[in-house]
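Everything below concerns the one structure shown next.
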Amino acid sequence: MTTFSRFIALVMAICMLPGSAIAEDKVAPPVSERYKAAIEEVPNFQRHVIPLFGRLGCNGRACHGSFQGQGGFRLSLFGYDFAADHAAITGGETPRVNRKSPAESLIVLKPTLAEPHKGGKRLPADGWEYNLLMAWLKSGAVGAKEKDAAFASLDVEPKEIVFGKLGDTAKLRVIAKWADGTREDVTPLCRFRSNDESVSTVNAAGVVTAVGKGDTAVVAFYDNGIVPIAVLLPVSDKVGAKYPAVPTPTKLDELVVAKLRKLGIVSSDVCTDAEFLRRVSLDLAGTLPAADEVQAFLASEAPDKRTKKIEELLARPTYAAWWATKLSDFTGNSERTGPLGGEQALNREKAGQWYDWVYRRVRDNEPYDKLIAGIALGIGRRTDQSFADYCGEMISYFRKDKPADFAARDTMPYFWTRRTLGKTEEQALAFAHAFLGVNLQCAQCHKHPYDQWTKQDFDQFTAFFSGVRYGLGPRAETVAMKKGTPLEKLDEDSGDYKRKFVNLLASGTVLPFKELHIPASQKPRPGMKPGVKVGGRVLTPKLLGGEEVVNATYSDARQPVVDWMRDAENPYFARAFVNRVWANYFGTGLIDPPDDLNLANPPTNPALLDYLADGFVASKFDMKWLHRTITKSRTYQLSWRPNDTNRLDERNLSRSVLRRLPAEVVYDAVVLATASDDERKKLDADPVGLRSVGRSSGYAGTRQTDAYAVMLLGKPPRTTNCDCERSNEPALLQTVFLRNDPEVFKLLDRPEGWLKQVTKAKVTDADKLIQQAYLRTLSRLPDEREAGAAKKYISDAKDTQSGLRDLLWALINTKEFIVNR
């Protein structure tokens with residue numbers, strides 16, 4: 001052993017002694033240096049052996065980390081279960097460890113190909129990796145110990161890499177910190193990944209290489225630590241002193257331009273007034289601006305007319321209607337997922353009631369956290385309410401004569417009564433997705449590959465929802481209520497029961513309803529382990545990334561997680577909503593996908609997301625504050641027309657990106673564009689009852705209903721925990737629908753439509769009619785070429801009416817109509 005090796009071994013031996021700690025300013029050198037030669041230092045199973053398996057790919061999903069393992073040998077995916085992994089390595093039918101003859105252990109023979117190995121050669125027999133494993137084997141192949149210090153955090157240097165030219169490289173250095181204060185350079189034990197290999201690549205040693213212009217993130221993985229590092233290569237020479245002066249009227253704009261300056265991307269000019277009006281009307285209120293509204297806005301010379309228009313839109317019922325639809329998306333309001341059984345025939349009306357409840361609160365600008373608490377803590381029967389009174393209340397919402405106002409309820413229970421949330425695990429997944437923007441599905445079975453969550457974290461989080469169920473009320477009272485009614489001897493699942501149930505409700509007959517059962521959180525009895533039973537195990541409820549909740553009594557077991565969620569320091573709640581709102585306005589979230597907040601998926605502009613989330617919390621979760629802040633910014637109002645520096649930019653907000661309109665907005669746009677002036681006023685006055693962005697947004701569609709059209713255009717069924725259910729991608733069937741479907745022709749020719757209005761009024765001025773057609777569909781006046789072509793077509797048609805009809809149909813089928821620009 002060399003003198004250097006003896007010195008390192010001595011230092012590490014001291015550092016690893018129980019109770020000892022390396023000084024905060026001391027960092028143990030990497031194992032790749034320490035194990036260049038065989039030394040006596042004993043590697044730690046958790047700190048060194050398992051991370052090495054991860055770096056070599058042994059515990060990946062394509063190898064021994066898969067559910068079935070490989071060759072009779074299975075490891076936990078990405079090495080999250082140290083006890084199970086140690087048992088698998090040292091035990092089983094074919095132990096991978098030979099303590100009597102360490103060099104004959106399969107964990108060194110197979111990866112060096114001294115024994116056949118389907119995974120190929122993973123390490124050289126004379127390398128530091130081999131020496132590390134041999135040192136562990138010779139020391140007795142000891143597993144993780146309870147007294148070992150827990151992993152605390154991961155730091156990566158540098159925090160950001162800004163390259164100068166293609167081919168430049170930078171070396172990452174990763175430092176792990178443990179609960180006892182020890183720190184170690186773990187770079188050679190990390191896994192690395194580039195989020196966009198067309199911009200930068202990273203090798204196993206942590207060397208990042210610039211391969212393309214733009215920006216991305218490189219991610220370092222070690223133990224439970226995941227750290228992204230921003231990597232940039234400017235797209236032009238307009239950086240530093242060469243960057244032109246760009247207006248930044250708001251803090252939001254400052255943060256956007258700060259990143260553009262690094263990238264050498266110059267933002268486009270501000271959009272035209274016509275483009276702004278159409279864009280903000282569709283984004284903020286889901287509504288195509290009326291022709292007279294466009295003309296008035298274009299004619300106005302008021303310097304603050306854009307700001308005034310934003311305030312005007314926020315006060316309209318169409319704003320509340322559209323954002324009630326968006327919130328219904330996130331929370332899963334759908335006729336399709338309502339409960340089965342006797343109440344199944346009520347699922348459509350329940351979806352409408354859910355929408356009404358949300359709409360009321362958006363209209364009144366109730367704070368977002370309070371609105372969500374009303375859903376997350378939704379209850380059916382109040383504690384002071386008898387079962388009979390509860391059933392009487394529920395019936396009042398469905399009776400035909402003067403139904404009660406469901407939206408006046410303090411809470412909205414239907415989030416929890418969906419048949420897709422019958423299991424505790426499903427409730428936890430839905431809760432995390434809807435309110436936190438976090439996807440926990442992977443952690444349901446194994447360590448999340450891109451976040452800190454383990455299966456234990458998931459299981460403890462589900463404990464908050466254990467016992468939450470939707471089922472029958474008291475049996476004796478249920479039977480008594482049915483007695484003497486046509487339901488008494490019918491099977492609840494039969495069609496006859498469902499039909500008669502609805503008819504009896506309409507007449508006001510009191511019938512038994514199922515109810516939402518919510519357990520209280522209880523203090524543990526003396527001598528019992530604190531927690532709740534989940535799947536046969538007693539688990540202590542634990543907040544995601546937070547503390548365990550023990551020895552506390554709540555009237556509702558969900559209350560602690562909702563209190564944590566509403567706390568100003570919560571890392572997910574405000575950010576999730578801000579990110580989803582941002583995606584509505586720009587087509588992608590600052591974190592994309594918008595419902596996948598995880599450590600390996602960093603925001604494109606972290607400072608901007610922090611600013612908006614902090615401001616949203618400081619505003620007391622004022623949703624209108626958030627909409628104002630975004631839409632009043634210069635960034636939101638930029639033109640879609642690119643320049644030489646931002647032609648390829650679709651993630652750094654240097655220009656507006658063309659976006660296909662959402663399904664309900666597309667269908668409504670066709671309805672509004674073809675409506676008479678009087679019908680248009682009715683549609684604007686009652687968007688909840690008359691528009692696709694209204695309460696019908698939760699309905700399932702059939703070929704015989706308008707809902708079929710919006711489903712075809714990409715409306716989400718809201719049956720899974722994924723924002724991706726809403727599709728704004730173009731598809732052939734959508735084009736065929738707009739061009740050839742009888743529904744579109746019916747809208748063009750309907751008696752209350754604009755074409756019939758023109759015919760009745762005997763309007764023959766082709767120039768005015770052409771202008772109106774453009775204003776109704778594209779929210780702008782035609783240019784000289786367009787006006788000339790349209791006028792010639794109408795003059796060549798058999799009559800003005802048929803020529804105008806063809807023009808309106810053609811405009812509806814333009815790309816400009818179906819996109820927001």
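The values are calculated or read from the model by the stated rules, or taken from the named source; none is laboratory data. These numbers were taken from a predicted model, which means no experiment stands behind them. So basically every Cβ, Gly included, is an ideal-geometry build from the backbone, and we count neighbours across all protein chains shown. All accessible areas refer to the heavy atoms of the entire protein, side chains included, with ligands and DNA or RNA removed. Shrake-Rupley method; radii C 1.70, N 1.55, O 1.52, S 1.80 Å.
Remarks
- Selection count where residues are of a type outside the set (D, E, K, R) and assigned to a loop (DSSP other than H, G, I, E, B), scope the range 76-112: 15
- Within the range 744-761, the set of residues being closer than 15 Å to Ile812 by Cα and surrounded by fewer than 14 Cβ atoms within 10 Å (Cβ to Cβ) comprises Phe745, Lys746, Asp749.
- Screening Val561 with (1) touching a residue at least 60 places away in the same chain (Cβ under 8 Å); (2) within 28 Å of Ala217 (Cα to Cα); (3) open to solvent by less than 40 Å² (accessible area, probe 1.4 Å) gives one miss only, at (2).
- Here Leu255 clears all of (1) over 22 Å from Leu612 (Cα atoms); (2) open to solvent by less than 40 Å² (accessible area, probe 1.4 Å); (3) among the hydrophobic types (A, V, I, L, M, F, W, C) except the condition numbered (1).
- Checking Ala141 against (1) in contact with an Asp or Glu (Cβ under 9 Å, 6 or more places away or on another chain); (2) assigned to a loop (DSSP other than H, G, I, E, B); (3) buried (at least 19 other Cβ atoms within 10 Å of the Cβ), the condition it does not meet: (1)
- Residue match in the range 268-275 (condition: polar (S, T, N, Q), touching a strand residue (DSSP E or B) at 6+ places or on another chain (Cβ under 7 Å) and either part of a loop (DSSP other than H, G, I, E, B) or crowded, with 20+ Cβ neighbours inside 10 Å (or both)): yes
- Residue list for the range 459-496, restricted to those being part of a helix (DSSP H, G or I), surrounded by fewer than 19 Cβ atoms within 10 Å (Cβ to Cβ) and hydroxyl-bearing (Ser, Thr, Tyr): Thr478
- If you go through the range 162-200 and pick out every residue that is farther than 30 Å from Ser236 by Cα and open to solvent by 20 Å² or more (accessible area, probe 1.4 Å), you end up with 5.
- Test for Ser236: is it among the small types (Gly, Ala, Ser), modelled with pLDDT of 95 or more and open to solvent by 10 Å² or more (accessible area, probe 1.4 Å): yes
- Some residue of the range 773-791 being open to solvent by less than 70 Å² (accessible area, probe 1.4 Å), more than 45 Å from the chain's Cα centre (by Cα) and not basic (Lys, Arg): yes
- Selection status of Ala245, open to solvent by 40 Å² or more (accessible area, probe 1.4 Å), free of Cβ contacts under 8 Å to residues at least 12 places away in the same chain and part of a loop (DSSP other than H, G, I, E, B): yes
Residue-wise test of (1) in contact (Cβ under 8 Å) with a residue 60 or more places away in the chain; (2) over 30 Å from Asn646 (Cα atoms); (3) acidic (Asp, Glu); (4) touching a Leu at 6+ places or on another chain (Cβ under 7 Å).
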site	(1), (2), (3), (4)
Arg279	yes, no, no, no
Ala285	no, no, no, yes
Asp304	no, no, yes, no
Thr331	yes, yes, no, no
Leu346	yes, yes, no, no
Glu349	no, yes, yes, no
Val358	no, yes, no, yes
Asp364	no, yes, yes, no
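- Only residues that are open to solvent by 40 Å² or more (accessible area, probe 1.4 Å) and in contact (Cβ under 8 Å) with a residue 24 or more places away in the chain were counted across the range 792-812, and they come to 5.
Residues are listed down the side, and each one gets a yes or a no for (1) open to solvent by 20 Å² or more (accessible area, probe 1.4 Å); (2) outside the structural domain of Arg122 (by TED's automatic domain parsing); (3) polar (S, T, N, Q):
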residue	(1), (2), (3)
Ala38	yes, yes, no
Phe53	no, no, no
Leu56	no, no, no
Asn59	no, no, yes
Gly65	no, no, no
Leu75	no, no, no
Phe78	yes, no, no
Phe82	yes, no, no
Ala88	yes, no, no
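- Criterion violated by Phe501 - all others in (1) closer than 29 Å to Cys724 by Cβ; (2) open to solvent by less than 20 Å² (accessible area, probe 1.4 Å); (3) of a type outside the set (Lys, Arg) satisfied: (1)
- Selection status of Ala125, surrounded by 14 or more Cβ atoms within 10 Å (Cβ to Cβ) and touching an Asp or Glu at 6+ places or on another chain (Cβ under 7 Å): no
- Test set (1) under 23 Å from Glu275 (Cα atoms); (2) of a type in the set (A, V, I, L, M); (3) crowded, with 16+ Cβ neighbours inside 10 Å - Leu658 fails condition number: (3)
- Qualifying residue in the range 212-228 (condition: within 28 Å of the chain's Cα centre (by Cα) and at positive phi): yes
- For first residues located in the range 265-277 and closer than 28 Å to Gly214 by Cβ and of a type in the set (Ser, Thr, Tyr), partners that are open to solvent by less than 10 Å² (accessible area, probe 1.4 Å) and assigned to a strand (DSSP E or B) and lie 6+ apart or on another chain with Cβ distances below 7 Å form the pairs Ser267/Leu638; Ser268/Leu638.
- Check on Ser66, farther than 14 Å from Pro188 by Cα, touching a residue at least 24 places away in the same chain (Cβ under 8 Å), hydroxyl-bearing (Ser, Thr, Tyr) and not in a helix (DSSP H, G or I): no
- The set of residues in the range 723-743 being over 16 Å from Pro662 (Cβ atoms) and open to solvent by less than 70 Å² (accessible area, probe 1.4 Å) consists of Thr735, Val736, Asp741, Glu743.
- Taken residue by residue, the range 144-160 has at least one member that is in contact (Cβ under 8 Å) with a residue 40 or more places away in the chain, touching a Leu at 6+ places or on another chain (Cβ under 9 Å), farther than 23 Å from Tyr80 by Cα and assigned to a strand (DSSP E or B).
- Qualifying helices (runs of 4 or more DSSP H) (wholly inside the range 299-395; at least 2 residues being among the small types (Gly, Ala, Ser)): 317-331, 347-363, 368-376
- Counting only helices (runs of 4 or more DSSP H) that sit wholly inside the range 735-821, those with at least 2 residues that are touching a Pro at 6+ places or on another chain (Cβ under 8 Å) are 766-777.
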